[in-house]
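Just below is one structure, and these are the notes that go with it.
Just so you know, all these numbers are worked out from the coordinates, no wet-lab data involved. All values reported here derive from a predicted model rather than from experimental measurement. No Cβ is skipped: glycine too gets one built from the backbone with ideal geometry, and neighbour counts run over all protein chains shown.
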């Protein structure tokens with residue numbers, strides 16, 4: 001996560017709700033504990049979350065803000081354990097009523113395409129997410145719903161299995177709330193699944209939404225999977241969020257990441273933006 005920002009603010013915030021997304025991931029809803037206004041931010045930006053771990057007092061990590069900036073009364077952070085020295089302790093200890101210092105906003109991820117959309121210079125976004133890399137895109141899609149943006153959004157979301165899927169309770173609401181959103185779920189370690197099982201992956205998925213969701217199994221997402229679906233892929237803006245291997249690949253294994261796949265497929269580098277998370 002980038003730490004670029006012109007002005008930041010520190011807030012004391014209280015946890016008012018916790019939702020379990022997967023066995024290793026939870027979404028926390030925070031409100032201001034001292035009647036301070038939540039600082040303004042843009043979709044795609046990050047905050048620093050401070051927490052005393054057993055290894056370091058007043059430690060912090062950067063997390064993408066999960067909730068839209070239009071929803072001013074609260075802020076949500078989705079935190080997944082990557083077996084590091086921060087998130088596992090926070091996930092185990094944080095509870096409703098606890099107070100934490102949150103500082104931000106940081107970063108400029110997705111700020112350029114948002115400006116282009118507002119200037120009527122862009123009409124298609126392609127979001128490529130792995131695991132908790134979906135978080136800034138969830139924020140952007142909620143913002144698009146709340147502000148009435150008029151742009152096609154394709155969300156290609158990669159996980160190992162169905163059990164790793166974050167926001168399975170929310171994805172149907174995003175599809176329903178934003179009619180120009182299309183979704184592909186890629187499960188790299190799942191084999192073909194029956195139709196009834198497929199649609200149970202996303203909770204409360206109405207029949208009329210099923211035509212806007214697709215699935216890919218037992219392999220990694222490739223450029224052709226994108227180009228065959230996104231008609232004007234050359235003119236689209238690409239946002240990639242995930243771990244280093246998802247973005248940049250693995251040289252030792254001879255595997256390309258999404259960055260290389262897009263560039264080899266013919267996407268201009270100037271139309272690709274990345275946000276990489278580390279071990280948190």
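Before moving on, here are some points about what is shown:
- Of (i) 0.95; (ii) 1.07; (iii) 1.04, the label for Rg/Rh (Cα atoms, Kirkwood Rh) derived from the coordinates: (i)
- Cα→Cβ-extended label distance, 7 Å offset, between residue 255 and residue 160, nm: 1.1
- Computed lengthening from residue 264 to residue 192, 0.36 nm per intervening residue step minus Cα-Cα distance: 23.1 nm
- Listed residues 79, 240, 117, most fluctuating in the chain (Gaussian network, C-alpha, under 10 Å): 117
- Virtual paramagnetic centre 7 Å along Cα→Cβ of residue 7, amide N under 12 Å, in region 35-55: 39-41
- Inverse mean reciprocal Cα-Cα distance (Kirkwood Rh) of region 13-88, Å: 13.3
- Sorted on the mean count of surrounding Cβ atoms within 10 Å across their residues, most packed first, peptides 48-54, 268-274 read 48-54, 268-274.
- The chain, helix-only ellipticity at 222 nm - DSSP H runs n ≥ 4, -39,500 (n - 2.57), divided by all residues, nearest 500: -5500 deg cm²/dmol
- Full-stretch length increase - residue 204, residue 224 - with 0.36 nm per residue and alpha-carbon distance subtracted: 4.2 nm
- Förster-model FRET efficiency, 22 Å R0, residue 55 and residue 93, C-beta, rounded to 0.05: 0.95
- Label-to-label distance for residue 212 and residue 120 is 2.4 nm, based on points extended 7 Å past Cα in the beta-carbon direction.
- Inter-label distance, residue 31 to residue 147: 2.6 nm, where each label sits 7 Å from its Cα along the C-beta direction.
- Taking the longest Cα principal axis of the chain as reference, the axis of helix 135-147 is set at about 90 degrees.
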